[in-house]
Each structure stands twice: as structure tokens, then as C-alpha cells.
1. Any residue at all in the range 305-323 that is aliphatic (A, V, I, L, M) and under 20 Å from the mean Cα position of the chain (by Cα)?
2. What's the number of the only condition in (1) closer than 20 Å to GLU382 by Cβ; (2) surrounded by fewer than 18 Cβ atoms within 10 Å (Cβ to Cβ); (3) among the hydrophobic types (A, V, I, L, M, F, W, C) that ILE335 fails to meet?
3. What number of residues within the range 333-365 satisfy the criterion of being of a type outside the set (Gly, Ala, Ser) and touching a residue at least 60 places away in the same chain (Cβ under 8 Å)?
4. All but one of (1) under 15 Å from GLY77 (Cβ atoms); (2) touching a Leu at 6+ places or on another chain (Cβ under 9 Å) hold for ASP174; which doesn't?
5. Is it the case that some residue within the range 370-378 is out of contact with any helix residue (DSSP H, G or I) (no Cβ under 6 Å at 6 or more places or on another chain), surrounded by fewer than 18 Cβ atoms within 10 Å (Cβ to Cβ) and assigned to a loop (DSSP other than H, G, I, E, B)?
6. Which residue, of GLY296, GLY245, is of a type in the set (Gly, Ala, Ser), surrounded by 15 or more Cβ atoms within 10 Å (Cβ to Cβ), in contact (Cβ under 8 Å) with a residue 12 or more places away in the chain and in a loop (DSSP other than H, G, I, E, B)?
7. Does at least one position in the range 186-200 carry a residue that is part of a helix (DSSP H, G or I), under 16 Å from the mean Cα position of the chain (by Cα) and not assigned by TED's automatic domain parsing to the domain that holds SER327?
8. I need a count of the residues in the range 303-326 that are in a loop (DSSP other than H, G, I, E, B) and among the small types (Gly, Ala, Ser).
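The values are calculated or read from the model by the stated rules, or taken from the named source; none is laboratory data. Being a predicted model, the structure only gives us computed values, none of them experimental. Ideal geometry is used to build each Cβ from the backbone, glycine not excepted, and the neighbour counts take in all protein chains shown.
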Amino acid sequence: MAELGRWTRGMRTGLGEDPTHGAVVPPIYLSTNYTFEGLGQPRGYDYSRSGNPTRDQLNDAIATLEGGVGATCVATGLAAITLVAEAFVPAGGRVVVQHDAYGGTWRLFSFLAEQGRLVVDFVDFNDAEALGTALTTDTDLVWIETPSNPLLRITDIRAVSDAAHAVGALVAADNTFLSPLYQRPLEHGADIVVHSTTKFINGHSDVVGGVAVAAEQEHHDRLRLWANALGLTGSAFDAYLTLRGLRTLDARMRVHTENTEALVALLDGHPAVAKLYYPGLVGHPGHDVALRQQTGMGSLLGLELHGGRAAAQSFLDGLQIFHLAESLGGVESLICHPASMTHAGMTDEARAAAGIGDSLLRLSVGVEASEDLVHVVTEALERSGNA
């Protein structure tokens, strides 16, 4: 028999395996609890917070795609980050986090530090000297986000993982922006990979979720234990919807990327554009590293316009197709003003240090017709140029 590839195996998880009626699409198990065969004789499942057949199918699919030993799906992307922190950072432990990470990540670790739960250092991972100084032997966890949100900075996963392991720290990598199709951090030395499954894995902006995938069985077992203890696990219905979305991930990502490349060709060098952030550009400082560790450049891009916030406002006024909204990775195109939206929870000083200014816009390019996307962005650039 033919040996099936990773993508086919992952997307086909659960298909055609219904033993009762032969359903092609696996049924959803909404039951909160399951009977025992007898006293002291539990079955494979007993209570849905602890384990659920539908959620386990999604766990298996994502673990297959990421190349991990197992996955733990939880209620939100931030729940996945919380899970990793609680499972692997002892009381008073130390975490080193990328300084330009997602605003919710910054807020979570800042809050935990304010409570005395842990110590956190936010560091520019592209500054080798600063990172080397931060990685001391008391470091428990290093948090990578690549490409970063929203400036698409690239972190060398292998180099940072080797440096972190040298001081005894675990490495977690947020892979939300690329999905397992375009990057697999475990193959480059990370111990755990995290996603907001709300984004590309689900891909339809209709369910919130997160996942943590482990490279080693010991870490996977600990994540499952803590997810159950903290009550973070996601619902069966959310898992069902996310697994449905995952099955079209490859097809969606191809169109996302084609459309993004069409917009990058328009934006690169345009007189209204002050800065363009996209790792697929040869001039992007992380381009060479991205070529090494990614198999695609994704569909997120950052954009700064000449004229600052006023130009950004003119760009947005009357913009068609792109909805001004948070989140990303859905089939619909979205645009976001990070300073006032996704990264509003950061202090002014933290945003400035990360390079997130008032003129920055982040685009999540959807699967609409590329010619329509190019047309409406061309109009928006003309407006912003006259601001």
C-alpha cells in the first residue's frame, strides 16, 4: 500500500472511521459524561473536560501535521499560552519572551509577573547580544513568535532553541501566522508549538480555540494533565468545527498566499508606502532565515504609509472588502490598526520598543479574487497619498 504523506494523513483524521453507521464525516460527541462498565471500570472516556472523542480527533490531526507526539486543544489561543506557562514555569520561575510578540501574549506574561507568579524579560530576539544576556541558567521558558505579530520579524528557531537548551530552558514557538503547512518549529528544535486555532487552522472566523503540541511524550502528558486540572480544554462542538476547517487548510493557504503576493507586488515601491513588512521580500532582514525554516511566506503583511495616522485613516475610509477587525487567517480579508486594537494592551513604551507605531496597518489577506483585492487597495493608496 502507498505510504500517505503528512498532509493527507492529517486532513483525513477520522474520515470514514464511524463503526456504527459508516458515516464518512465522523460524528460529533456532545455528551458531557460517559458510563462506566462497572464499579472501578471506566471506559476510554468518563468526563468531557478530561477527554472527548471529537476533541481527540482534532488533537491527532494537528499533532500529525506538526510532527509532535501529541496535541492538547484548549478553549482559546491565550489558553494555550496560559497552559504552557502553568505547566512548565515553576512559581517564581523566569520566562524570556520576544519583545514584539502579540499584545495578548505581552499582557498575559506582564500580568503574571505583576502578581509575582513569574519573572519575565521582553527581549529583541534579533539582537544576539541582548538575547545572550537574557538567557541565564535560571531561565525556565523561552517564548518565540515567528513571524512576529504584527511586524513579521523572523526568529531563527534553531539558533534560539540551541541557545535556550544550553541553559536548560524549554522553548515554545507560536506558529499561528504560518500554520503547520508552512512551518514546523519542532523540526527546528522547539519543544512545544502553540497555535491560536481560531486563525488559519479553523480558517472561517466562527470558532475560537488554541492548541499546544509537544515534541516529547513527557511534555505532552504534562500538558494534558494541566489542561484538565485548569479546566482549559475546548468544547466538542468547537473541535468539530475546527476539524472541519482544517480539512481545507492546504487549499486555503495556497489562495491566501497567491493573493498576498499580488498585493505585495503592488505595495513594494509604491510612493504612498513608507515601509512594507513581508518576509517574502528579498530586502526583508529575516528573508534568508525564513527561506531556511519556512515552506511558505504566509498571508500577513505590515504596512506603514507616508503621512502617519492621517494617511492610515484615509487608507481605511471607504476601503472595500477588507473589514476593520481583529483576528486573522479567515477566508475573508481583514485589516487591523495594531496600536489601537490587537496591541492596545501594551504600554506606550512597550509598543515603541517593539516598533508598533500609529501609522502601522496589518493586513490579513483572504481568498477573494486577487484582481478585486488589488483594485480596492490601489484606490486606498491613492486616497492615502492625498491625505
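1. Taking the range 305-323 first, the residues aliphatic (A, V, I, L, M) are 305, 310-312, 316, 319, 321.
So of that shortlist, the ones also under 20 Å from the mean Cα position of the chain (by Cα) come out as none.
Taking every residue of the range 305-323 in turn, none turns out to be aliphatic (A, V, I, L, M) and under 20 Å from the mean Cα position of the chain (by Cα).
2. That leaves (2) as the condition not met.
3. First, the residues of the range 333-365 that are of a type outside the set (Gly, Ala, Ser): 334-338, 341-343, 346-349, 351, 356, 358, 360-363, 365.
Cutting the leftovers down to touching a residue at least 60 places away in the same chain (Cβ under 8 Å) gives us 336, 338, 342-343, 346, 356, 360, 362-363, 365.
Number satisfying all stated conditions: 10.
4. Going through (1) under 15 Å from GLY77 (Cβ atoms); (2) touching a Leu at 6+ places or on another chain (Cβ under 9 Å) one by one, ASP174 breaks only (2).
5. no
6. Values: GLY245 fails: in a loop (DSSP other than H, G, I, E, B).
Within the list GLY296, GLY245, the selection yields GLY296.
7. Checked against the condition, which is being part of a helix (DSSP H, G or I), under 16 Å from the mean Cα position of the chain (by Cα) and not assigned by TED's automatic domain parsing to the domain that holds SER327, the range 186-200 yields at least one hit.
8. Start the filter on the range 303-326 by keeping residues that are in a loop (DSSP other than H, G, I, E, B), which leaves 306-307, 317-322, 325-326.
Now drop any that are not among the small types (Gly, Ala, Ser), which leaves 307, 318, 325.
Within the range 303-326, residues that are in a loop (DSSP other than H, G, I, E, B) and among the small types (Gly, Ala, Ser) number 3.
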